[in-house]
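The values are calculated or read from the model by the stated rules, or taken from the named source; none is laboratory data. This one's a predicted model, so the numbers in the text were calculated from it and none came from an experiment. Glycine gets a Cβ as well: all are built from the backbone with ideal geometry, and neighbour counts include every protein chain shown. SASA here: full protein model, heavy atoms, side chains in, ligands and nucleic acids out. Shrake-Rupley method; radii C 1.70, N 1.55, O 1.52, S 1.80 Å.
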Amino acid sequence: MRIPIIAGNWKMNKTIGETLDFLKILSQELQQSSATTKFEIVIAPSFIAINKMAELLKDSPVKICAQDLFWEDAGAFTGEISAPMLKDAGAKYVIIGHSERRQFFNETDSTVNKKIKAALKYNIVPIFCVGETLAEREAGKIESIIATQLTGGLMDLTANDVTKTVIAYEPVWAIGTGKTATKEQAEEVHLMIRQMLAKQFGQTNADVIRILYGGSVKPSNSKELLSQPNIDGALIGGASLKPEDFMGIIKSAM
Ligand code: PEP
């Protein structure tokens, strides 16, 4: 049984104070709902808010996610943050290979692979993002692009490691654009991803791996997306910044 994940990726938004204000509202709303018995609720704030967030949420089921990490444990890597540091600060998840990191920070399938391994070594759940651009979709290359990203990102991982990894299918053309994949388009790629995982790691393992959809998810489209058989939750950017929209998506998922 796959427990769905509703995750908010705040990107470079919210100060520590704004983070704590949001979480107080979210915690109150969640206390009045049974959402946390049905889903894992995850928030990815800025690095500097993680530790404060962990203090505030110490008795809460809401889980903390980092937005990236560096693959070495420690050393002369100015500006970077390692998996043991994130673990110590309270992160349980980490987003790896987001398209914005691939686009602006030269993330490659090989660096993604090192980062996934570093996260798993410290028992932090990687949320590994894959997805095609519009040009790639229009050129009929979805399958080859996703296959390359999956193979590269999961290189040398055991089946056991992969079952501890969450995949996020995020078509690049749908991220922050207001354009969402239809439920049919999203389900088609999610099924394809599961079949690729089954081919490499066996059907039983593929069946327990959670595959999230990301790309302009909002309260008005979340229900139909989340009702698809191979969509096991959502990674939400813009609509996770307002408690009412984020709660709206959680409620629609109920
Ligand atoms: C994201 O950044 O992961 C994302 C899906 O953003 P948005 O929901 O704003 O499209």
When the residues of the range 180-202 are filtered to those that are more than 20 Å from Ala7 (Cβ to Cβ) and not in a helix (DSSP H, G or I), which remaining residue is least open to solvent (accessible area, probe 1.4 Å)?
-> Gly202
With respect to the numbered conditions (1) of a type outside the set (D, E, K, R); (2) in contact with a Pro (Cβ under 7 Å, 6 or more places away or on another chain); (3) loosely packed, with under 15 Cβ neighbours inside 10 Å, which one is the sole condition not fulfilled by Ile48?
-> (2)
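One line per residue, one yes/no per condition, for (1) among the basic types (Lys, Arg); (2) within 29 Å of Trp173 (Cβ to Cβ); (3) under 20 Å from the mean Cα position of the chain (by Cα):
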| residue | (1), (2), (3) |
| --- | --- |
| Phe22 | no, yes, yes |
| Ala35 | no, no, yes |
| Ala76 | no, no, no |
| Thr111 | no, yes, yes |
Identify the residue in the range 219-229 that is more than 16 Å from the chain's Cα centre (by Cα) and closer than 18 Å to Ile250 by Cβ and, among all such residues, is farthest from the ligand (Cβ to nearest atom).
-> Ser227
Within the range 51-84, can you find the residues that are loosely packed, with under 13 Cβ neighbours inside 10 Å and among the β-branched types (Val, Ile, Thr)?
-> Thr78
Taking the condition among the aromatic types (Phe, Trp, Tyr), touching a residue at least 12 places away in the same chain (Cβ under 8 Å) and open to solvent by 10 Å² or more (accessible area, probe 1.4 Å), does Phe246 pass?
-> no
Unmet requirement for Ile142, which otherwise passes all of (1) out of contact with any Leu (no Cβ under 7 Å at 6 or more places or on another chain); (2) open to solvent by 50 Å² or more (accessible area, probe 1.4 Å) = (2)
State yes or no: is Phe104 within 16 Å of the ligand (Cβ to nearest atom), without any contact (Cβ under 8 Å) to a residue 60 or more places away in the chain and open to solvent by 30 Å² or more (accessible area, probe 1.4 Å)?
-> yes
Cβ-Cβ under 7 Å pairs, at least 6 apart or on other chains, the range 43-65 side among the aromatic types (Phe, Trp, Tyr), far side open to solvent by less than 70 Å² (accessible area, probe 1.4 Å) = Phe47/Ala66; Phe47/Ile81
Do you know which of the residues in the range 147-179 that are surrounded by fewer than 17 Cβ atoms within 10 Å (Cβ to Cβ) and within 15 Å of the ligand (Cβ to nearest atom) is nearest to Gly8 (Cα to Cα)?
-> Gly176
Of the residues in the range 203-213, those that are open to solvent by less than 20 Å² (accessible area, probe 1.4 Å) and either touching a residue at least 40 places away in the same chain (Cβ under 8 Å) or within 14 Å of the ligand (Cβ to nearest atom) (or both) number 4
The residue from Phe47, Phe39 that alone is more than 14 Å from Gly90 (Cβ to Cβ) and not small (Gly, Ala, Ser) is Phe39
Quick one: what pairs do we get from the range 2-20, first residue of a type outside the set (A, V, I, L, M), second more than 11 Å from the ligand (Cβ to nearest atom) and in a strand (DSSP E or B), C-beta under 6 Å, 6+ apart or different chains?
-> Pro4/Gly233; Gly8/Ile43
When you look at Ser216, is it under 18 Å from the mean Cα position of the chain (by Cα), open to solvent by less than 20 Å² (accessible area, probe 1.4 Å), within 11 Å of the ligand (Cβ to nearest atom) and polar (S, T, N, Q), yes or no?
-> no
Working only within the range 1-20, note down all residues that are outside any loop (DSSP other than H, G, I, E, B) and more than 18 Å from Glu170 (Cα to Cα).
-> Ile16, Gly17, Glu18, Thr19, Leu20
